[in-house]
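Read the structure below first, then the notes.
The values are calculated or read from the model by the stated rules, or taken from the named source; none is laboratory data. Keep in mind the model is a prediction, meaning the values are calculated, not measured. Note that each Cβ is placed from the backbone with ideal geometry, even for glycine, and that neighbours are counted across all protein chains shown. Quick note on the areas: whole protein, heavy atoms, side chains included, nothing else; ligands and nucleic acids left out. Shrake-Rupley method; radii C 1.70, N 1.55, O 1.52, S 1.80 Å.
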Amino acid sequence: MTKIIALTNQKGGVGKTTTAVNLAASLAALDRRVLLIDLDPQGHATMGSGIDKHDLEGSVLDVLLGELRASDVILDCPDAGYALLPGNGDLTAAEVDLLGVEGRERRLTEALAPIAAEYDVVLIDCPPSLNMLTVNALTAAHGVLIPLQCEFYALEGLSALLDTVEQIQGNVNPALDVFGIVRTMYDARNSLTRDVSKQLSDYFGDTLIKATIPRNVRVAEAPSHGLPVTKYARLSRGSQAYRVLAKELIRRLSL
Ligand code: ADP
Ligand code: MG
(Lines give C-alpha, C1' and ligand atoms only; values in the text may rest on other atoms or scores of the structure.)
(Ligands and ions follow the chains in the order given, each with its own letter.)
Protein backbone atom coordinates (compact mmCIF):
# COMPACT_ATOMS: atom_id res chain seq x y z
CA MET A 1 0.00 0.00 0.00
CA THR A 2 1.14 3.54 -0.73
CA LYS A 3 2.73 5.37 2.20
CA ILE A 4 2.27 9.12 2.28
CA ILE A 5 4.97 10.81 4.35
CA ALA A 6 5.08 14.51 5.27
CA LEU A 7 8.53 15.95 5.93
CA THR A 8 7.81 18.62 8.44
CA ASN A 9 9.36 20.89 11.02
CA GLN A 10 8.20 24.49 11.39
CA LYS A 11 11.81 25.53 11.81
CA GLY A 12 13.51 26.61 8.57
CA GLY A 13 16.92 25.39 7.51
CA VAL A 14 16.82 22.03 9.28
CA GLY A 15 17.10 19.92 6.11
CA LYS A 16 13.47 19.21 5.18
CA THR A 17 13.87 19.95 1.49
CA THR A 18 17.31 18.36 1.26
CA THR A 19 15.97 15.22 2.91
CA ALA A 20 12.82 15.19 0.75
CA VAL A 21 14.79 15.39 -2.51
CA ASN A 22 17.55 12.97 -1.56
CA LEU A 23 15.29 10.47 0.12
CA ALA A 24 13.02 10.53 -2.95
CA ALA A 25 16.01 9.83 -5.20
CA SER A 26 17.41 7.14 -2.91
CA LEU A 27 14.06 5.33 -2.68
CA ALA A 28 13.71 5.56 -6.47
CA ALA A 29 17.19 4.10 -6.88
CA LEU A 30 16.00 1.20 -4.72
CA ASP A 31 13.19 0.59 -7.24
CA ARG A 32 10.39 2.26 -5.32
CA ARG A 33 7.89 4.33 -7.31
CA VAL A 34 8.15 7.77 -5.72
CA LEU A 35 6.13 10.98 -5.98
CA LEU A 36 7.63 14.11 -4.40
CA ILE A 37 5.26 17.00 -3.66
CA ASP A 38 6.69 20.50 -3.25
CA LEU A 39 4.35 22.29 -0.86
CA ASP A 40 6.76 25.11 0.00
CA PRO A 41 6.39 28.49 -1.80
CA GLN A 42 10.19 28.62 -1.94
CA GLY A 43 10.03 25.91 -4.61
CA HIS A 44 13.40 24.52 -3.59
CA ALA A 45 12.37 20.88 -3.92
CA THR A 46 11.22 21.69 -7.45
CA MET A 47 14.52 23.40 -8.36
CA GLY A 48 16.52 20.67 -6.62
CA SER A 49 14.75 18.14 -8.84
CA GLY A 50 15.99 19.94 -11.96
CA ILE A 51 12.69 21.71 -12.75
CA ASP A 52 12.55 25.50 -13.23
CA LYS A 53 9.99 26.82 -10.72
CA HIS A 54 9.54 30.00 -12.81
CA ASP A 55 8.47 28.03 -15.85
CA LEU A 56 5.67 25.75 -14.64
CA GLU A 57 2.55 25.06 -16.70
CA GLY A 58 0.73 24.18 -13.51
CA SER A 59 1.61 23.76 -9.86
CA VAL A 60 0.35 22.05 -6.75
CA LEU A 61 -1.58 25.27 -6.00
CA ASP A 62 -3.78 24.71 -9.08
CA VAL A 63 -4.41 21.22 -7.76
CA LEU A 64 -5.30 22.43 -4.25
CA LEU A 65 -7.72 24.95 -5.74
CA GLY A 66 -9.32 22.24 -7.87
CA GLU A 67 -8.39 23.95 -11.13
CA LEU A 68 -6.16 21.13 -12.43
CA ARG A 69 -5.89 17.44 -11.65
CA ALA A 70 -2.72 16.15 -10.01
CA SER A 71 -2.16 13.86 -12.98
CA ASP A 72 -2.10 16.92 -15.30
CA VAL A 73 0.56 18.68 -13.24
CA ILE A 74 2.89 15.84 -12.22
CA LEU A 75 6.22 15.90 -14.06
CA ASP A 76 8.71 13.16 -14.65
CA CYS A 77 12.21 13.93 -13.37
CA PRO A 78 14.24 11.38 -15.29
CA ASP A 79 17.59 12.57 -13.88
CA ALA A 80 16.34 12.25 -10.31
CA GLY A 81 14.30 9.10 -10.93
CA TYR A 82 10.98 10.15 -9.41
CA ALA A 83 7.81 12.05 -10.25
CA LEU A 84 7.28 15.59 -8.99
CA LEU A 85 4.19 17.62 -8.19
CA PRO A 86 5.95 21.00 -8.40
CA GLY A 87 5.38 24.16 -6.39
CA ASN A 88 6.54 27.77 -6.50
CA GLY A 89 5.91 31.26 -5.15
CA ASP A 90 2.27 31.10 -6.24
CA LEU A 91 1.74 29.01 -3.09
CA THR A 92 2.30 32.12 -0.98
CA ALA A 93 -1.29 33.05 -1.73
CA ALA A 94 -2.65 29.61 -0.83
CA GLU A 95 -3.69 30.61 2.68
CA VAL A 96 -5.95 33.36 1.31
CA ASP A 97 -6.99 31.48 -1.84
CA LEU A 98 -8.18 28.54 0.24
CA LEU A 99 -10.02 30.71 2.76
CA GLY A 100 -13.45 30.41 1.22
CA VAL A 101 -13.02 26.82 0.12
CA GLU A 102 -15.09 24.22 1.90
CA GLY A 103 -13.07 21.44 3.54
CA ARG A 104 -9.91 23.37 2.76
CA GLU A 105 -7.71 21.17 4.98
CA ARG A 106 -8.65 18.12 2.87
CA ARG A 107 -7.80 19.49 -0.58
CA LEU A 108 -4.52 17.60 -0.91
CA THR A 109 -6.06 14.39 0.44
CA GLU A 110 -8.75 14.55 -2.21
CA ALA A 111 -6.35 15.44 -5.00
CA LEU A 112 -4.12 12.46 -4.18
CA ALA A 113 -6.92 9.90 -3.87
CA PRO A 114 -7.13 9.07 -7.60
CA ILE A 115 -3.37 8.78 -8.15
CA ALA A 116 -1.69 7.68 -4.91
CA ALA A 117 -1.88 3.99 -5.82
CA GLU A 118 0.51 4.59 -8.75
CA TYR A 119 3.30 5.13 -6.21
CA ASP A 120 4.87 3.16 -3.38
CA VAL A 121 5.82 6.32 -1.52
CA VAL A 122 4.60 9.91 -1.62
CA LEU A 123 6.91 12.42 0.09
CA ILE A 124 5.60 15.90 0.90
CA ASP A 125 8.10 18.73 1.45
CA CYS A 126 6.36 21.15 3.86
CA PRO A 127 6.92 24.88 4.32
CA PRO A 128 8.67 26.08 7.50
CA SER A 129 5.45 26.97 9.31
CA LEU A 130 2.34 25.30 10.66
CA ASN A 131 0.01 26.93 8.11
CA MET A 132 -2.86 25.65 5.94
CA LEU A 133 -0.39 24.04 3.51
CA THR A 134 1.18 22.05 6.32
CA VAL A 135 -2.28 21.18 7.65
CA ASN A 136 -3.13 19.83 4.18
CA ALA A 137 0.03 17.72 4.24
CA LEU A 138 -0.64 16.37 7.74
CA THR A 139 -4.24 15.59 6.79
CA ALA A 140 -3.17 13.67 3.68
CA ALA A 141 -0.25 11.83 5.29
CA HIS A 142 -0.03 8.46 7.01
CA GLY A 143 2.85 9.78 9.06
CA VAL A 144 5.41 12.52 9.55
CA LEU A 145 9.15 12.36 9.22
CA ILE A 146 10.83 15.14 11.21
CA PRO A 147 14.24 16.34 10.04
CA LEU A 148 16.02 17.89 12.98
CA GLN A 149 19.37 19.53 13.58
CA CYS A 150 20.88 18.59 16.94
CA GLU A 151 21.20 22.07 18.39
CA PHE A 152 20.12 23.72 21.61
CA TYR A 153 16.65 24.94 20.57
CA ALA A 154 15.77 21.90 18.49
CA LEU A 155 13.73 20.24 21.21
CA GLU A 156 11.69 23.35 21.93
CA GLY A 157 10.37 23.46 18.36
CA LEU A 158 9.71 19.76 18.44
CA SER A 159 7.11 19.98 21.20
CA ALA A 160 5.12 22.60 19.24
CA LEU A 161 5.22 20.31 16.23
CA LEU A 162 4.08 17.29 18.22
CA ASP A 163 1.20 19.38 19.64
CA THR A 164 0.14 20.15 16.08
CA VAL A 165 0.32 16.48 15.15
CA GLU A 166 -1.95 15.73 18.14
CA GLN A 167 -4.43 18.37 17.05
CA ILE A 168 -4.57 16.93 13.55
CA GLN A 169 -5.05 13.47 15.04
CA GLY A 170 -7.91 14.81 17.16
CA ASN A 171 -9.63 16.57 14.29
CA VAL A 172 -9.08 15.35 10.76
CA ASN A 173 -6.58 12.47 10.67
CA PRO A 174 -6.79 10.13 13.69
CA ALA A 175 -4.36 7.64 12.12
CA LEU A 176 -1.53 10.17 11.65
CA ASP A 177 1.67 8.57 12.92
CA VAL A 178 5.11 9.91 13.79
CA PHE A 179 7.29 7.76 11.54
CA GLY A 180 10.56 9.12 12.82
CA ILE A 181 12.98 11.89 13.66
CA VAL A 182 15.98 12.19 11.34
CA ARG A 183 19.13 13.90 12.55
CA THR A 184 20.53 16.11 9.78
CA MET A 185 23.81 18.00 9.40
CA TYR A 186 25.00 15.62 12.08
CA ASP A 187 28.46 15.97 13.56
CA ALA A 188 29.28 13.27 16.11
CA ARG A 189 32.45 15.15 17.18
CA ASN A 190 30.35 18.02 18.52
CA SER A 191 29.46 17.51 22.20
CA LEU A 192 26.20 19.49 21.94
CA THR A 193 25.15 17.23 19.06
CA ARG A 194 25.84 14.21 21.25
CA ASP A 195 23.93 15.69 24.22
CA VAL A 196 20.87 16.53 22.13
CA SER A 197 21.09 13.12 20.47
CA LYS A 198 21.08 11.42 23.86
CA GLN A 199 18.02 13.42 24.97
CA LEU A 200 16.21 12.52 21.76
CA SER A 201 17.05 8.88 22.19
CA ASP A 202 15.97 8.83 25.87
CA TYR A 203 12.72 10.59 25.14
CA PHE A 204 11.72 9.17 21.77
CA GLY A 205 13.30 5.72 21.84
CA ASP A 206 12.65 3.90 18.57
CA THR A 207 11.08 6.95 16.94
CA LEU A 208 14.61 8.31 16.59
CA ILE A 209 15.88 7.04 13.23
CA LYS A 210 19.26 5.32 13.56
CA ALA A 211 20.66 6.60 10.26
CA THR A 212 22.13 10.09 10.57
CA ILE A 213 22.89 12.54 7.76
CA PRO A 214 26.32 14.17 8.10
CA ARG A 215 27.07 17.73 7.13
CA ASN A 216 28.59 17.29 3.70
CA VAL A 217 29.54 19.90 1.13
CA ARG A 218 28.36 17.75 -1.81
CA VAL A 219 24.85 17.69 -0.30
CA ALA A 220 24.85 21.50 -0.24
CA GLU A 221 26.23 21.79 -3.79
CA ALA A 222 23.88 19.34 -5.51
CA PRO A 223 20.78 21.63 -5.75
CA SER A 224 22.68 24.20 -7.82
CA HIS A 225 23.08 21.43 -10.41
CA GLY A 226 19.39 20.52 -10.20
CA LEU A 227 20.32 17.06 -8.99
CA PRO A 228 19.97 14.97 -5.85
CA VAL A 229 23.33 14.29 -4.23
CA THR A 230 22.88 10.61 -5.06
CA LYS A 231 23.26 11.57 -8.74
CA TYR A 232 25.58 14.56 -8.37
CA ALA A 233 28.16 12.83 -6.15
CA ARG A 234 27.15 9.22 -5.77
CA LEU A 235 30.10 8.20 -3.63
CA SER A 236 29.99 11.16 -1.23
CA ARG A 237 29.26 10.60 2.45
CA GLY A 238 26.01 12.51 2.08
CA SER A 239 24.84 10.34 -0.78
CA GLN A 240 25.66 7.16 1.09
CA ALA A 241 23.94 8.40 4.25
CA TYR A 242 20.71 9.06 2.35
CA ARG A 243 20.87 5.58 0.90
CA VAL A 244 21.22 4.09 4.40
CA LEU A 245 18.27 6.23 5.56
CA ALA A 246 16.17 5.00 2.62
CA LYS A 247 16.94 1.39 3.49
CA GLU A 248 16.06 1.92 7.16
CA LEU A 249 12.71 3.47 6.18
CA ILE A 250 11.98 0.66 3.73
CA ARG A 251 12.43 -1.80 6.60
CA ARG A 252 10.57 0.20 9.24
CA LEU A 253 7.61 1.19 7.09
CA SER A 254 7.54 -1.84 4.77
CA LEU A 255 7.83 0.43 1.73
P1 ADP B 1 14.65 23.35 5.13
O2 ADP B 1 13.95 22.77 3.95
O3 ADP B 1 14.30 22.66 6.41
O4 ADP B 1 14.47 24.84 5.23
P5 ADP B 1 17.07 22.82 3.63
O6 ADP B 1 16.95 21.40 3.24
O7 ADP B 1 16.73 23.83 2.60
O8 ADP B 1 16.22 23.09 4.95
O9 ADP B 1 18.54 23.03 4.18
C10 ADP B 1 18.99 24.30 4.64
C11 ADP B 1 20.39 24.56 4.13
O12 ADP B 1 21.29 23.60 4.67
C13 ADP B 1 20.53 24.46 2.62
O14 ADP B 1 21.42 25.46 2.18
C15 ADP B 1 21.12 23.07 2.40
O16 ADP B 1 21.89 23.02 1.23
C17 ADP B 1 21.96 22.90 3.64
N18 ADP B 1 22.07 21.48 4.02
C19 ADP B 1 21.04 20.64 4.33
N20 ADP B 1 21.49 19.42 4.67
C21 ADP B 1 22.85 19.48 4.56
C22 ADP B 1 23.91 18.52 4.77
N23 ADP B 1 23.66 17.27 5.15
N24 ADP B 1 25.18 18.94 4.57
C25 ADP B 1 25.45 20.21 4.18
N26 ADP B 1 24.50 21.15 3.97
C27 ADP B 1 23.22 20.79 4.16
MG1 MG C 1 12.61 23.68 2.63
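General remarks:
- Remark: spin-label model distance ASP187-ASP202 equals 2.4 nm, labels positioned 7 Å along the Cα→Cβ axis.
- Restraint check, LYS16/LYS53; LYS53/LYS247; LYS11/LYS53, Cα-Cα greater than 21 Å: LYS53/LYS247; LYS11/LYS53
- Under 5 Å from the amide H of ILE4 lie the amide H atoms of VAL122, HIS142, GLY143, each residue being 5 or more positions distant or on a separate chain, with H modelled from the backbone and absent for Pro and chain starts.
- Computed from backbone phi with θ = phi - 60° and the Karplus coefficients 6.51, -1.76 and 1.60, the 3J(HN,Hα) list for the stretch 167-173 is 5, 5, 4, x, 10, 10, 9 Hz; x is used for glycine and proline.
- Scattering profile of the stretch 150-255 at q = 0.20 Å⁻¹ [log10 I(q)/I(0), Debye over alpha-carbon scatterers]: -1.14
- Take the stretch 1-135 with all the other protein chains still there, run a 1.4 Å probe, and you get 40 Å² of accessible area per residue.
- A straight line joining the Cα centroids of the stretch 1-77 and the stretch 126-155 runs 15 Å.
- About the Cα centre, charge dipole magnitude for the chain (Lys/Arg +1, Asp/Glu -1 at Cβ), debye: 1300
- A simple rule links phi to the HN-Hα coupling: the Karplus curve 6.51 cos²θ - 1.76 cosθ + 1.60 with θ = phi - 60°, which for the stretch 60-71 gives 4, 4, 4, 6, 4, 7, x, 8, 9, 8, 3, 5 Hz, with x for Gly and Pro.
- Bridging of LYS198 to aspartates and glutamates at a Cα separation below 17 Å is possible for GLU151, GLU156, ASP187, ASP206, once same-chain residues fewer than 8 apart are set aside.
- Per the Debye calculation on the stretch 201-255 with a single equal scatterer at every Cα and no solvent contribution, log₁₀ I(q)/I(0) for q = 0.14 Å⁻¹ amounts to -0.44.
- Percent antiparallel among DSSP beta bridges (both partners in the chain, rounded to 5): 10
- Under 5 Å, built H, 5+ apart or other chain: amide partners of ALA211: none
- Averaging 1/r across all pairs of distinct Cα atoms in the stretch 1-69 and inverting the result yields a Kirkwood radius of 13.3 Å.
- Normalised per residue, the volume of the convex hull around the Cα set of the chain (Å³): 111
- Here the accessible area of the chain is 49 percent carbon and sulfur, with a 1.4 angstrom probe and all protein chains present.
- Under Karplus coefficients 6.51, -1.76 and 1.60, residue-wise ³J(HN,Hα) of the stretch 32-38 in Hz, glycine/proline x: 8, 7, 10, 10, 10, 10, 9
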